[in-house]
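Before any comments, here is the structure.
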Amino acid sequence: MDVNGGEMRKNPTLICAPLMADSIDKMVTLMAKAKATTADLVEIRLDSLKNFNPFEDLNVLIKQSPLPTLFTYRPVWEGGQYDGDEKKRLDVLRLAMELGADYIDVELKVAHEFIKSIGGKKPEKIKVIVSSHNYQSTPSVVELGNLVVKIQSTGADIVKIATTAIDITDVARIFQITVHSQVPIIGLVMGERGLISRILCTKFGGYLTFGTLEGGVVSAPGQPTINDLLNLYNFRQLGPDTKVYGIIGKPVGHSKSPMLYNEAFKSAGFNGVFVHLLVDDLEMFLRTYSSTDFAGFSCTIPHKETAVKCCDEVDPVAKSIGAVNCIIRRQTDGKLFGCNTDYIGAISAIEDGLQAGYNMSSAAGSPLAGKLFVVIGAGGAGKALAYGAKQKGARVVIANRTYERARELADVIGGDALSLDDLARFHPEDGMILANTTSIGMQPNIDQTPMPKDALKYYSLVFDAVYTPKITRLLREAKETGATIVSGLEMFIGQAYEQFERFTGLPAPKEQFRRTMSKY
């Protein structure tokens, strides 16, 4: 175990920085950057170089690299950029080996011949990685097992399999192969649905993962940055016994939950990691990741209603709302418990806003009592807010694009319904409260709003569940018309308190949550 950045590592998984540059000078500059990020090794993608003189350039790269080197010369037929003579390509890899490279990566298709050709000439320290890339899908466990055997039989020191995630459950098969492998193995799944393979390889015994030096400059789809691996996911601190939590949604990449929870886990010394989970089919996801290691999930659009059906036990409030945004896997029997923390977070944020706006004392009961409360949207969050407002004694009106859905929800909670088109003309009284629970106005569509500005003057408080951007067009225009505004960030922090406590059994670090979110 080595010490990195003053902290002991909990796992031996290496972080490799893939370097794609068109000149040797740029490669050398990138090596220094990789060293500064505390990467463990660099992968030099020779196929990205424009002019390449093997003997002198390899010498420079190997001598100047402050980190161990892995040379890859990826041909077009395996997803790379090299489109020349095959014999020349393999000669270059042999030369890198003789000049002192630490690792070379050779494709399965040519590995038998290549490893045979180096015979007894292979230096002691060099390791040959034999790789197989599948840009279409992730095969079955049996096929993957056979592939590992096939790669091993070439004489590989390290097995590398990269597949593509069509669904997030594909990653489970790679975890299964990795955790049972008797040889050093790199198992990664490409694409956004495969992201967890690049973080949780620490837990399942992967030899290395790839992290980029900067966002967006990737050598394969779905690679995180080294900075995110180390500082967002606490990569070095994850181990076989780390509990996995995550935010389930579609889309989900915009969610700030991983920043919030990972920072809180770290400062509480809690052995957990919180990841983005891009899930298409919730039931299949929960069935696939059924071990108690996958210990809890936040659930967002569009899975909150389905989550009610997927849990073994559902909190009565969540049942009446018809939406679950927090799933806990009981450690004793693996059963799933679902609850709803959305409405608590949102309603308390709105009450705080009203109290601050009108200097009301909290002793006088809820400031929502008797108020006309208009909810835009009849999905999970809409149901939660309508239910919560009703509980506090407000008169509730549901506005939705499709009137039928608004009507359904209004009938369940005992309120009125409107179509979204009619909402702009709806003002039976002044001083109403408006809560948007749809994604209208969320990044990237920040110029959209569910409500024309001139209709906002009838509202004393406007709340928007969208929190990216923090101030949506709806909130900006509401503020200009003189209303008190409450951002989705307040709801987000409020609902996260209770989830953190349910995940960890520890008190929520409220101040820290506010500090973390103020950065964004």
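Things to note:
- Condition check for TYR458 on (1) out of contact with any strand residue (DSSP E or B) (no Cβ under 6 Å at 6 or more places or on another chain); (2) among the aromatic types (Phe, Trp, Tyr); (3) crowded, with 18+ Cβ neighbours inside 10 Å: one failure, at (1).
- In the set (1) surrounded by fewer than 22 Cβ atoms within 10 Å (Cβ to Cβ); (2) assigned by the TED database to the domain that holds ALA394; (3) among the polar types (S, T, N, Q), THR516 fails one condition alone, (2).
- Residues located in region 263-281, provided they are closer than 15 Å to ALA496 by Cβ and either touching a Phe, Trp or Tyr at 6+ places or on another chain (Cβ under 8 Å) or free of Cβ contacts under 8 Å to residues at least 60 places away in the same chain (or both): ALA264, PHE265, GLY272, PHE274
- For region 269-281, the criterion of being farther than 12 Å from ILE168 by Cβ and among the aliphatic types (A, V, I, L, M) is met by at least one residue.
Residue by residue, here is whether (1) more than 23 Å from ARG476 (Cβ to Cβ); (2) in contact with a Lys or Arg (Cβ under 8 Å, 6 or more places away or on another chain) holds:
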{"site": "GLY388", "(1), (2)": "yes, no"}
{"site": "ALA399", "(1), (2)": "no, no"}
{"site": "GLU429", "(1), (2)": "yes, no"}
{"site": "ASN436", "(1), (2)": "no, no"}
{"site": "MET451", "(1), (2)": "no, no"}
{"site": "ALA455", "(1), (2)": "no, yes"}
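- Of the residues ILE196, ILE174, ILE186, the single one that is crowded, with 21+ Cβ neighbours inside 10 Å and within 23 Å of PRO68 (Cβ to Cβ) is ILE186.
- Those residues of region 246-271 which are in contact with a strand residue (DSSP E or B) (Cβ under 8 Å, 6 or more places away or on another chain) and of a type in the set (Ser, Thr, Tyr), in sequence order: SER255, SER257, TYR261
- Test: residue in region 438-460 that is assigned to a strand (DSSP E or B) and at pLDDT 95 or above: yes
- Any chance SER197 is within 20 Å of GLY253 (Cβ to Cβ), at pLDDT 95 or above and either over 20 Å from the mean Cα position of the chain (by Cα) or not aliphatic (A, V, I, L, M) (or both): yes
- Test: residue in region 54-61 that is among the charged types (D, E, K, R), surrounded by 14 or more Cβ atoms within 10 Å (Cβ to Cβ) and either under 24 Å from LEU14 (Cβ atoms) or without any contact (Cβ under 8 Å) to a residue 40 or more places away in the chain (or both): yes
- Where THR341 falls short, out of the listed (1) closer than 22 Å to LYS256 by Cα; (2) without any contact (Cβ under 8 Å) to a residue 24 or more places away in the chain; (3) among the hydroxyl-bearing types (Ser, Thr, Tyr): (2)
- Of the residues making up region 469-480, those that are under 27 Å from the mean Cα position of the chain (by Cα) and open to solvent by 10 Å² or more (accessible area, probe 1.4 Å) are PRO469, LYS470, ILE471, ARG473.
- Which listed residue, of PHE274, PHE235, PHE285, is under 17 Å from ALA39 (Cβ atoms) and open to solvent by less than 20 Å² (accessible area, probe 1.4 Å): PHE235
- Among the residues listed as ALA378, ALA399, ALA384, the single one being over 19 Å from THR449 (Cα atoms) and touching a helix residue (DSSP H, G or I) at 6+ places or on another chain (Cβ under 8 Å): ALA384
- Within region 309-400, helices (runs of 4 or more DSSP H) holding 3 or more residues that are surrounded by fewer than 18 Cβ atoms within 10 Å (Cβ to Cβ): 316-321, 342-358
- Cross-chain or 6+ apart pairs with Cβ under 8 Å, region 82-101 first and more than 19 Å from PRO66 (Cα to Cα), then of a type in the set (Lys, Arg): TYR82/ARG74; TYR82/ARG89
- Against the test of being over 28 Å from PHE513 (Cα atoms), open to solvent by 10 Å² or more (accessible area, probe 1.4 Å) and either assigned by the TED database to the domain that holds GLY334 or of a type in the set (Asp, Glu) (or both), the options SER219, SER291 yield a single qualifying residue, SER291.
- Qualifying residue in region 502-510 (condition: outside the structural domain of LYS266 (by the TED database), part of a helix (DSSP H, G or I) and open to solvent by 30 Å² or more (accessible area, probe 1.4 Å)): yes
- Residue within region 368-385 that is touching a Phe, Trp or Tyr at 6+ places or on another chain (Cβ under 9 Å), of a type outside the set (Val, Ile, Thr) and more than 25 Å from ASP281 (Cβ to Cβ) present: yes
- Hey, PRO18 in contact with a strand residue (DSSP E or B) (Cβ under 6 Å, 6 or more places away or on another chain), open to solvent by less than 50 Å² (accessible area, probe 1.4 Å), in the same structural domain as ASP157 (by the TED database) and under 29 Å from THR202 (Cβ atoms) or not: yes
The values are calculated or read from the model by the stated rules, or taken from the named source; none is laboratory data. Because the structure is predicted, anything quoted here is derived from the model rather than measured. With ideal geometry, Cβ positions are generated from the backbone for all residues, glycine too; neighbour counts draw on all protein chains shown. Areas reflect the complete protein model, heavy atoms only, side chains present, ligands, DNA and RNA absent. Shrake-Rupley method; radii C 1.70, N 1.55, O 1.52, S 1.80 Å.
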